[in-house]
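A quick write-up on the structure given underneath.
Just so it is clear, none of the values below were taken in a lab; they were calculated from the coordinates. Keep in mind that this is a model prediction, so the values were computed, not measured. Every residue, glycine among them, receives a Cβ derived from its backbone with ideal geometry; neighbour counts consider all protein chains shown.
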């Protein structure tokens, strides 16, 4: 059998742009044709790598559920890329658990549905989508699970998240803190923490949350200014607890955009997942808060003059107008 001569292939050289032939088992019948290769790009210097890192966007957006484009995880400046990926994965898992049951699904769907309403006149982009809720890791926060409205820095701006004198506000988007380490003994129940903060976000988005005293239109009311600081402190504490009691489900939410009267709360989520219901918030209960409020009311009534007491034997509790302003 006649063996045909073997033609060696052209391979790029590490040092030149020529392509020399490799030794063959039999001599080629013709010279190997060379070809020109494009120059190899230079390796970035350490300075260039650092500059590239510095130019990276400090925040990214992560999708928590395909049906909830207005609810995104956000990357903070101290979070490495792999940490943000792990965090987003955990939030997706918790969101999926919430979406798997009717009340959690309705909570997240209605919250997402407020995205455009709380961003009036704005148009989102792929790089900067409109959101109704931005979820950040609370791993290093002083309060690892928390919620706050996003606003323009003015009193009129933040007041949109709250109801006053029985009238809901226009609504605001929220920033959530969610600790992906929370409840490590039972990580399967961590979704409930996200659910609680999402209830706050739903309330902010629909303008039915209970306002802190310090940002309310009556923050400088004579009742506050003309009495000892304890009066304002008790009113502020009561407002905070009222918001938490309604969020947990220990007290009803008096306003809702839904015709069927439905409003989300944590205990609804707990119930549909077989978790025990909460009957207190950090040890506080409505009865305890009412007792504290009653003590302040009685103290203020006792300070009245003898003539005033005789003239008005059935006075309205002094704190009631402010309570109605914030809670009605």
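Tabulated data
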{"read-out": "Residue-span extension gain [residue 165 to residue 282] - 0.36 nm each, minus C-alpha spacing", "value": "39.4 nm"}
{"read-out": "Exposure proxy ranking, count of Cβ atoms within 10 Å, fewest first, for 108, 250", "value": "250, 108"}
{"read-out": "Simple spin-label estimate for residue 128 and residue 47 in nanometres, 7 Å along Cα-Cβ", "value": "3.2"}
{"read-out": "Cβ crowding within 10 Å averaged over residues, with 161-168, 273-280 ranked highest first", "value": "161-168, 273-280"}
{"read-out": "Proxy reagent accessibility, fewest Cβ within 10 Å first, across 306, 262", "value": "306, 262"}
{"read-out": "Taking 143, 158 and counting other C-beta atoms within 10 Å, the order from fewest to most", "value": "143, 158"}
{"read-out": "Estimated distance in nm for a label pair at residue 100 and residue 181, the labels positioned 7 Å out from Cα along Cα-to-Cβ", "value": "2.6"}
{"read-out": "Extension gain, residue 76 back to residue 272 (0.36 nm per residue minus Cα-Cα distance, nm)", "value": "67.3 nm"}
{"read-out": "Label point 7 Å beyond Cα of residue 223 along Cβ direction - residues of the stretch 270-305 with amide nitrogen under 17 Å", "value": "289-304"}
{"read-out": "Quotient of Cα Rg and 2.2 N^0.38 Å for the stretch 200-328, N being how many residues it contains", "value": "1.23"}
{"read-out": "The stretch 57-327: radius of gyration and largest Cα-Cα distance (Dmax), Å", "value": "20.4, 72"}
